[in-house]
Each structure stands twice: as structure tokens, then as C-alpha cells.
Amino acid sequence: MKPWAGHTVDVVIEQLDADGTTKDETRPGEPEIDDGGWGKGDDAEPARKDVVTVRGQMKRYTQAEMMPGLGGDVPNAKGHVLIQREDLDAAEITLAKGDKITSVAGVACELYIIDVVPTVTYGGECYAVQAVYADRPAGR
């Protein structure tokens, strides 16, 4: 028996293209913008791969809720989307910090994945991941 929750919606994700993003040497991990001026990182948008659509169950946190992370609570978390591993495998993607959710149930949005937590375990298998999201990229 494979456990799963209902009420899923289409979730459109743009994966971060780490290899295609020029890094700012003065600010580790931040993308560099091409104008050569000051303010690098704030207006820079990292390179993205093609969009992919998967089915997921959305959860928006209330103000009183906190998402527990491996190093303690994740204070900027606004919610998470629960996605089946077999859907991710079929789409041939692995979610990572920095990926961007651009649409949920056909409604445009801009949410950034700040943590990926394996979950829904049964019989020694992991059947889903929680993609924890915030309204801005990690570190900003």
C-alpha cells in the first residue's frame, strides 16, 4: 500500500541552473548582474532551467506555525508543497534550495524553495518530499 494525500494541484517549478549562473565573487552564492555596477545580487536573477509541472498538495502556514528544520526552526518559511517522489522521478528532476515556484493551480506566484525535506515514509521507503517555500530567496 502506498500512502498519499488528496487535493493536489498543478505546481509549476523553475529549477535553478547552478552551472549557468555567473557567481558574484564578492558575495559567495549570489548571482552576478551584467551591468558591472554596485548592488550586485539584489537585482540579479540566477539562470533557470525549463519549467516543469508536477502535482502537489499546498500547505500555507499560519503566523503561529513554524517549520522545524534540521538546524532548528525555519523562520522565513511561509508553507510547503508536498510532492510525490514518483512524480519528481517521472519529470526527471530533483528539487533543491533556490528552485522557484511560479504557479499554483493556475495562479501565478513567486515562491522560493528554501528547504527540501524527505517525508511520507512507509515500509522503509520515502514516497514524498516537502518543498518548504518562502516569498523571497534564502539569504535575502
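The values are calculated or read from the model by the stated rules, or taken from the named source; none is laboratory data. Everything numeric here is computed off the predicted structure, so don't read it as measured data. In this analysis, Cβ positions are derived from the backbone assuming ideal geometry, glycine residues included, and neighbour counts consider all displayed protein chains.
Collect the residues in the stretch 108-130 that are under 15 Å from Val51 (Cβ atoms) and aliphatic (A, V, I, L, M), keeping them in residue-number order.
Correct list: Ala108, Leu111, Ile113.
Mind checking whether some residue in the stretch 57-66 is modelled with pLDDT of 90 or more, part of a strand (DSSP E or B) and over 16 Å from Gln15 (Cα atoms)? Talk me through it step by step, then tell me what you get.
Going residue by residue through the stretch 57-66, those that are modelled with pLDDT of 90 or more are 57-58.
Subsequent filtering for residues that are part of a strand (DSSP E or B) retains 57-58.
Filter once more, keeping what is over 16 Å from Gln15 (Cα atoms): 57-58.
Yes; the residues of the stretch 57-66 include at least one that is modelled with pLDDT of 90 or more, part of a strand (DSSP E or B) and over 16 Å from Gln15 (Cα atoms).
Among all residue pairs at least 6 apart or on different chains, which show Cβ distances below 7 Å where the first residue, located in the stretch 81-97, is modelled with pLDDT under 90 and the second is surrounded by 12 or more Cβ atoms within 10 Å (Cβ to Cβ) and acidic (Asp, Glu)?
Lys97/Asp115
Looking only at residues in the stretch 86-140 that are in contact with a Leu (Cβ under 9 Å, 6 or more places away or on another chain) and among the hydroxyl-bearing types (Ser, Thr, Tyr), which one is surrounded by the fewest Cβ atoms within 10 Å (Cβ to Cβ)?
Thr94
Since Asp135 meets every condition but one in (1) more than 17 Å from Asp10 (Cα to Cα); (2) modelled with pLDDT under 80, which condition does it not meet?
(2)
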